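Undergrad: Please see the structure below; I have some questions.
The values are calculated or read from the model by the stated rules, or taken from the named source; none is laboratory data. Quick caveat: nothing in here was measured; it's all calculated off a predicted structure. Positions of Cβ are generated from backbone atoms using ideal geometry, with glycine treated the same way; all protein chains shown enter the neighbour counts. Just the protein is used for accessible areas: all its heavy atoms, side chains included, with ligands, DNA and RNA removed. Shrake-Rupley method; radii C 1.70, N 1.55, O 1.52, S 1.80 Å.
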Amino acid sequence: MLRGAAAALHAALAGADDDAGDLRRALRRSRRREQLRAAALVLPLFLFLAACFVVPIGAMLSRGVIDTDITRILPAVTAALKNWDGRDLPAESAYAALIADIRTAREAGTLASAATRLNYDVPGFRTLLFSAGRQLPAELNGSARDALIGIDPKWGERETWAAIRRAGGPATDFYLLGALDLRRDADGSVVGGPSEQRVFRDVLGRTLWISAMVTLMCVILGYPVAYVISAQPPGRAGVLLFLVLLPFWTSLLVRTVAWVVLLQKEGVLNSLFLSLGIVNEPLKMIFNRFAVYVAMVHVLLPFMVLPLYSVMRSIPPSYVRAASSLGARPFTAFWRVYMPQTLPGIGAGCLMVFIQALGYYITPALVGGADDQMISYFIAFYASRTVNWGMAAALSIMLLTATLALYAVYNRLIGVERMRLG
Amino acid sequence: MNIVGADARQMARLNGREPIVRFVGIGKTYDGVTRVVDELHLDVERGEFLTLLGPSGSGKTTTLMLLAGFETPTAGEILLEGKPLSRVPPYQRHIGMVFQNYALFPHMSVDENIAFPLSVRGVPAADIAKRVERALDMVQLGGFGRRRPAQLSGGQQQRVAVARALVFEPKLILMDEPLGALDKQLREQMQLEIRRLHQRLGVTMVYVTHDQAEALTMSDRIAVFHRGKIQQLDTPEQMYEYPKNAFVARFIGENNRLDGKLETHADGRCTIRMTAGDTRIDGTLVEPVKNGDVVTVSLRPERVQIRAAGHTLNGHPGCRLAGSLQEIIYLGDHVRARVVLTSGGEFMVKRPISEAHTLPRIGAVVDVFWAPEHCRAFAQES
């Protein structure tokens, strides 16, 4: 009987086990269904982003660090230079390899690409390569080295050969260093570029400075506006917010061109000032930094007002009243009680405005002068004008890095989860 | 129950000291049509606990905000210790205030919150630390100074708000429904705590609430507001036992209300012919009303007795109505009996639990009766 009871108990326990197992399986099944459904809902957007955004941008950015033209076009000399110590001129075999490569490339018609790439690094390399291709005798008598140096003494300089080796890939820091006005010398150590070519540090600094100034002006102009709107009854606040958002219904290009119309020498503002006798000759208000600031602040201001408004709306008036009843003068009440509570809004607004300002292209291009162009202008210049995609990609990497760094700093200081975007 | 406050007031009067606050003909309107506060005259005595009680929209909170300086009167003048307040901004009034949702600054610790009124007054840091600690001890929150308001319970936040309003030693403290967000048990505990603080510190407090039980528990005096006017200003006991008009009678405590017409009156006693049925009852006439006018009769349920019909008790002949007992509700500390009157209408009777077993059975024909002084007749509410 005892044994029977034990068996029954055992069976019951096993049954319980089975039950528990069934339950777990059922739970897993239902969870998996939910996950699949969620995945199915996200999938179209995910595929779209992957195909139209992540992959092309990744491919573009990779051109800033991948460098395979020279290995492809001049394979023999690249291989020969792998073992070159760089202290003396390369061995005779390297010269011979180069001559062979140049001949092959001329026939294949690919020499121009190689010349373009090497010319980025050492100006004049194009001529060097082409004249070598033209002047090399059909049959080489004697040393290949003497033949090349005979065509151009530069073939006797280490720097020429270092440039070929640097371009040998497959990865390169040439463009990235270039974006920071740096280069590698013949020994492979990083040095400053020639002073007449140093522009990108200025451009990067200018980009950051303009963005910072625009952000600051947006805070100064947007904070009071957001405050006034947040203090209105909901109906009127809606109307005022609509007015703030009005610029969004107009294209960026139209708004920028409108500023050209307003600010130019014979523009609306100058005519008005002249007719009122405020000035005697037209003010220069366009194609300079002033115009860039005005137009960018105008375009970006809503991105500051919205998060500020959203945060301010959630601060009950009783805080400032409490501060006032406790003896704080209006400014003290604002500075110590109200303003600190709007910091998440200020942070979010600054982040949005600054990051967008960093990438601004059309506005400075249309209303700014030569010294007001930002980094995007140079990216566009290299991408479409000179088709130096490596450089365009390297500058884009700089821009992306600056943006991500900024985001990280914000996250560290204020916390992205506290960000309020309206 | 309110001996301390009552004595303080008495002493103030004897010393010939003037009230700490005087509202002189104060009016407030937002739209030029509705008078939110209408021709208000009110003296706040030094050291008292005065409650402004009324339904929402009665003008009590506006009156408090006028005193705090967050609203400006459209008529009249408020005097604080004899000096007109209309040109004094809130931050110079030196009045402590506890807000409905406490308004503790969320980005500051408890210590910083309490130190705020001191630091804006330029009190030296060493003094601030000492006074903040004392204030925290006073509200039994010693050791909580480092926390943020969000890390405290509702009751603790409430105490911090009180400590912050007290720490700069204002002569007057205003409280705007400060216990509204707390649950019942905590609210009752805090009522007693605030009252004890008031008695210990002797500071004048003006307290706004819509909860009549809270007003009765805490106050030296209560001002009942309705439509921008003070309907009655009295001690809790007077307010409850001797309401001066139908609104106060209805708003404070429970009531059996009967409508009728005044038939005769003399020396404060009166006879009323009930609207429903052909009955007359006797009562006390509270307001001057002409014979034949409509009146409202109010009877507190706890002042009414109930007996099965044919009982031998000899009450006052005009203080009795017949009906049938419909329901008995047991409430632990007392019982309620619901009676449907023969003349129509319902009547609630409230008896102590000790009488529970003497009540007639449900369905029985009963008499409800009372003493004539507890049957109060008012002019009908307009």
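Undergrad: Suppose we filter B:GLY54, B:GLY69, B:GLY59 for residues that are within 14 Å of chain A (Cβ to nearest Cβ), among the small types (Gly, Ala, Ser) and buried (at least 20 other Cβ atoms within 10 Å of the Cβ); which single one remains?
TA: Numbers: B:GLY54 fails: within 14 Å of chain A (Cβ to nearest Cβ); B:GLY59 fails: within 14 Å of chain A (Cβ to nearest Cβ).
So the residue among B:GLY54, B:GLY69, B:GLY59 that is within 14 Å of chain A (Cβ to nearest Cβ), among the small types (Gly, Ala, Ser) and buried (at least 20 other Cβ atoms within 10 Å of the Cβ) is B:GLY69.
Undergrad: Going through B:LYS350, B:LYS290 one at a time, which residue ends up being open to solvent by 20 Å² or more (accessible area, probe 1.4 Å), part of a loop (DSSP other than H, G, I, E, B) and of a type in the set (Lys, Arg)? Outline the logic, then answer.
TA: Values: B:LYS350 fails: part of a loop (DSSP other than H, G, I, E, B).
Of the residues listed, the single one that is open to solvent by 20 Å² or more (accessible area, probe 1.4 Å), part of a loop (DSSP other than H, G, I, E, B) and of a type in the set (Lys, Arg) is B:LYS290.
Undergrad: Going by what's in this entry, would A:VAL219 be described as open to solvent by 40 Å² or more (accessible area, probe 1.4 Å) and either more than 30 Å from A:TYR382 (Cβ to Cβ) or not assigned by TED's automatic domain parsing to the domain that holds A:LEU180 (or both)?
TA: Values: open to solvent by 40 Å² or more (accessible area, probe 1.4 Å): no; either more than 30 Å from A:TYR382 (Cβ to Cβ) or not assigned by TED's automatic domain parsing to the domain that holds A:LEU180 (or both): yes.
Taking the combined requirement at face value, the residue does not satisfy it.
Undergrad: Which condition number in (1) buried (at least 20 other Cβ atoms within 10 Å of the Cβ); (2) under 30 Å from A:SER230 (Cβ atoms); (3) under 20 Å from the mean Cα position of the chain (by Cα) is the one that A:THR342 fails?
TA: (3)
Undergrad: So B:SER153 passes all but one of these: (1) of a type in the set (Ser, Thr, Tyr); (2) under 26 Å from the mean Cα position of the chain (by Cα); (3) surrounded by fewer than 21 Cβ atoms within 10 Å (Cβ to Cβ). Which condition number does it fail?
TA: (2)
Undergrad: Is the range A:58-65 home to any residue that is at pLDDT 85 or above, surrounded by 11 or more Cβ atoms within 10 Å (Cβ to Cβ) and among the charged types (D, E, K, R)? Step through it out loud before you land on a result.
TA: Step one: of the range A:58-65, the residues at pLDDT 85 or above are A:58-65.
Going one step further and asking which of them are surrounded by 11 or more Cβ atoms within 10 Å (Cβ to Cβ), we end up with A:59-65.
If we keep only those that are among the charged types (D, E, K, R) as well, we get A:63.
Yes; the residues of the range A:58-65 include at least one that is at pLDDT 85 or above, surrounded by 11 or more Cβ atoms within 10 Å (Cβ to Cβ) and among the charged types (D, E, K, R).
Undergrad: Within the range B:349-382, track down each residue that is under 23 Å from the mean Cα position of the chain (by Cα) and of a type in the set (A, V, I, L, M, F, W, C).
TA: Once the filter is applied, which keeps residues that are under 23 Å from the mean Cα position of the chain (by Cα) and of a type in the set (A, V, I, L, M, F, W, C), the range B:349-382 yields B:CYS375, B:ALA377, B:PHE378, B:ALA379.
Undergrad: Here are B:HIS94, B:HIS107: which of them is open to solvent by 40 Å² or more (accessible area, probe 1.4 Å), within 8 Å of chain A (Cβ to nearest Cβ) and at positive phi? First the steps, then the outcome.
TA: Numbers: B:HIS107 fails: at positive phi.
When all the criteria are applied, what remains is B:HIS94.
Undergrad: If we only count helices (runs of 4 or more DSSP H) wholly inside the range A:339-401, which ones have 1 or more residues that are within 14 Å of chain B (Cβ to nearest Cβ)? Before you say what the answer is, go through the steps one by one.
TA: Numbers: elements: A:343-358, A:362-367, A:375-380.
The qualifying helices (runs of 4 or more DSSP H) are A:343-358.
Undergrad: Tell me which of these A:ASP202 doesn't satisfy, since it passes every other one: (1) touching a Ser or Thr at 6+ places or on another chain (Cβ under 7 Å); (2) free of Cβ contacts under 8 Å to residues at least 60 places away in the same chain.
TA: (1)
Undergrad: Just one of (1) without any contact (Cβ under 8 Å) to a residue 40 or more places away in the chain; (2) open to solvent by less than 40 Å² (accessible area, probe 1.4 Å); (3) under 28 Å from A:THR386 (Cα atoms) trips up A:ILE164, so point out which.
TA: (1)
Undergrad: Return the only residue of A:ALA132, A:ALA138, A:ALA100 being open to solvent by 70 Å² or more (accessible area, probe 1.4 Å) and over 25 Å from A:MET391 (Cβ atoms).
TA: Details: A:ALA132 fails: open to solvent by 70 Å² or more (accessible area, probe 1.4 Å); A:ALA100 fails: open to solvent by 70 Å² or more (accessible area, probe 1.4 Å).
The unique qualifying residue is A:ALA138.
Undergrad: Could you tell me which numbered condition A:ALA80 fails, if it satisfies all but one of (1) open to solvent by less than 10 Å² (accessible area, probe 1.4 Å); (2) in a helix (DSSP H, G or I); (3) modelled with pLDDT under 85?
TA: Going through the list (1) open to solvent by less than 10 Å² (accessible area, probe 1.4 Å); (2) in a helix (DSSP H, G or I); (3) modelled with pLDDT under 85, A:ALA80 breaks only (1).
Every residue, every condition in (1) out of contact with any Gly (no Cβ under 9 Å at 6 or more places or on another chain); (2) farther than 21 Å from A:TRP84 by Cα; (3) open to solvent by less than 10 Å² (accessible area, probe 1.4 Å), yes or no:
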residue	(1), (2), (3)
A:GLU159	yes, no, no
A:THR172	no, no, no
A:ASP185	yes, no, no
A:ASP202	yes, yes, no
A:MET213	yes, yes, no
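Undergrad: Still on this structure, please answer the following. Could you check the range B:319-337 and list, in sequence order, the residues that are open to solvent by 60 Å² or more (accessible area, probe 1.4 Å) and assigned to a strand (DSSP E or B)?
TA: So the first thing to find is which residues in the range B:319-337 are open to solvent by 60 Å² or more (accessible area, probe 1.4 Å), and the list is B:320, B:326-328, B:330-331, B:333.
Hits for the range B:319-337 are B:ARG320, B:GLN326, B:GLU327, B:ILE328, B:TYR330.
Undergrad: Condition first: surrounded by fewer than 21 Cβ atoms within 10 Å (Cβ to Cβ) and under 15 Å from the mean Cα position of the chain (by Cα). Now tell me which residues in the range A:383-397 satisfy that.
TA: If the condition is that a residue be surrounded by fewer than 21 Cβ atoms within 10 Å (Cβ to Cβ) and under 15 Å from the mean Cα position of the chain (by Cα), then A:ALA383, A:TRP389, A:ILE397 are the ones that fit.
Undergrad: Of everything in the range B:247-257, what is under 15 Å from B:VAL286 (Cα atoms) and either open to solvent by less than 60 Å² (accessible area, probe 1.4 Å) or in a helix (DSSP H, G or I) (or both)? Give them in sequence order.
TA: B:PHE247, B:VAL248, B:ALA249, B:ARG250
Undergrad: Collect the residues in the range A:88-117 that are within 38 Å of the chain's Cα centre (by Cα) and assigned to a loop (DSSP other than H, G, I, E, B), keeping them in residue-number order.
TA: Once the filter is applied, which keeps residues that are within 38 Å of the chain's Cα centre (by Cα) and assigned to a loop (DSSP other than H, G, I, E, B), the range A:88-117 yields A:GLY109, A:THR110.
Undergrad: Kindly provide the set of residues from the range B:362-382 that are over 30 Å from B:ASN245 (Cβ atoms), touching a residue at least 40 places away in the same chain (Cβ under 8 Å) and open to solvent by 20 Å² or more (accessible area, probe 1.4 Å), ordered by number. Spell out the reasoning first.
TA: Here is the first cut: in the range B:362-382, the residues over 30 Å from B:ASN245 (Cβ atoms) are B:362-366.
Add one more test, that the residue is touching a residue at least 40 places away in the same chain (Cβ under 8 Å), and what stays is B:364-366.
Selection gives B:ALA364, B:VAL365.
Undergrad: Among the candidates B:LEU197, B:LEU141, B:LEU174, B:LEU179, which residue alone is open to solvent by 10 Å² or more (accessible area, probe 1.4 Å), in the same structural domain as B:PRO90 (by TED's automatic domain parsing), touching a helix residue (DSSP H, G or I) at 6+ places or on another chain (Cβ under 9 Å) and on the phi < 0 side of the Ramachandran plot?
TA: Details: B:LEU141 fails: open to solvent by 10 Å² or more (accessible area, probe 1.4 Å); B:LEU174 fails: open to solvent by 10 Å² or more (accessible area, probe 1.4 Å); B:LEU179 fails: open to solvent by 10 Å² or more (accessible area, probe 1.4 Å).
None of the others qualify; the one that does is B:LEU197.
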